[in-house]
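Structure, as structure tokens:
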Amino acid sequence: MAFAPMGPEASFFDVLDRHRESLLAALRRGGREPPTGGSRLASRFEDSVGLQMVSHCTTRKIKSDSPKSAQKFSLILKILSMIYKLVQSNTYATKRDIYYTDSQLFGNQTVVDNIINDISCMLKVSRRSLHILSTSKGLIAGNLRYIEEDGTKVNCTCGATAVAVPSNIQGIRNAKFVLIVEKDATFQRLLDDNFCNKLSPCIMITGKGVPDLNTRLLVKKLWDTFHVPVFTLVDADPHGIEIMCIYKYGSMSMSFEAHHLTVPAIRWLGLLPSDLKRLNVPKDSLIPLTKRDQMKLDSILRRPYVTCQPFWRKEMEIMADSKMKAEIQALTFLSSDYLSRVYLPNKLKFGGWI
């Protein structure tokens, strides 16, 4: 395999640039991807947006005069009044802040989270429009500078550390591509290997597993602002594929916010199940699929968006046939820095995504 140069020359990005042109052409065609080889739970699929709420779906009724739902109704009114004050004063609060205003009354954080989701769905606005923020768990690094709402200037220039994903940003800069990394451990290893500087300009993000709202919003904003290629690096297992699908197509529980969260142009860069055989990853580095894994994989294969992704289906069928999965760390059998030195640079240079 060829090795990527330190500080890649312009020709290194030729394939990426052509991919970006195809994405822009797809947008001009109406947002469709280029051709390739509770009440909130009722959703349908659009390939240009992802999972969305259906027009007519089952609704949940809460009556103010019903003893069974009186408490829920009162909690909804309380949170609505808090939202009204936030909007009137142009201030913001996290869901955690709201819970701690009266933790005894709410009982637990989940109650607050569900009510806020219901209000957002009912009013058909994003949570940010309600002036409610989520606490970030994700990290970002690379060729990105931005200004936070309070005017603070943040420079994410990649070194050995990263910064927390912000709740809102302005004044962001450009990059050649965005790499979403499933796990924090892999993200930190790429930082240690100076990956962002070697393949500059790029932006690297991790949601530390299942992404929080702020991480998904940031990925969406980067795509909407720059329309640069966005790739995912996940484990070759059903859980990793599920996380990638959340970024690309959304989740059932948040389908009412699909337009604000999904990036259907996202591509699967690795780790592909077919890579395991191609790279001769030894069997003792692989892990047998559990019964739960098999159920998850079967569930994903039945989803409507998989029909639009024949190459994804093929990779998942390879996994199903082998009954094996692998973590990204399985590549270390080749060398400790194989991921950053060879695997990712060659995938990016030669178009090894699907």
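What to note about this one:
- Remark: pairs (first residue in the stretch 219-231, at positive phi; second residue part of a helix (DSSP H, G or I) and open to solvent by less than 20 Å² (accessible area, probe 1.4 Å); Cβ separation under 7 Å; 6+ apart in sequence or on different chains) = 227/23.
- Which listed residue is farther than 19 Å from residue 143 by Cβ, touching a strand residue (DSSP E or B) at 6+ places or on another chain (Cβ under 6 Å) and of a type in the set (Val, Ile, Thr), from 206, 262: 262
- Qualifying residue in the stretch 186-193 (condition: open to solvent by 20 Å² or more (accessible area, probe 1.4 Å) and modelled with pLDDT under 85): no
- Where residue 269 falls short, out of the listed (1) modelled with pLDDT of 95 or more; (2) more than 21 Å from the chain's Cα centre (by Cα): (2)
- Of the candidates 343, 305, the single residue that is hydroxyl-bearing (Ser, Thr, Tyr) and either modelled with pLDDT of 95 or more or open to solvent by 50 Å² or more (accessible area, probe 1.4 Å) (or both) is 343.
- Residues that are closer than 25 Å to residue 165 by Cβ and not assigned by the TED database to the domain that holds residue 157 number at least 3 in the following helices (runs of 4 or more DSSP H) confined to the stretch 70-139: 70-89, 95-101, 109-123.
The values are calculated or read from the model by the stated rules, or taken from the named source; none is laboratory data. Fair warning: this is a prediction, and the values are worked out from it, not measured in the lab. Ideal geometry is used to build each Cβ from the backbone, glycine not excepted, and the neighbour counts take in all protein chains shown. The area values use the complete protein model at the heavy-atom level, side chains included, leaving out ligands, DNA and RNA. Shrake-Rupley method; radii C 1.70, N 1.55, O 1.52, S 1.80 Å.
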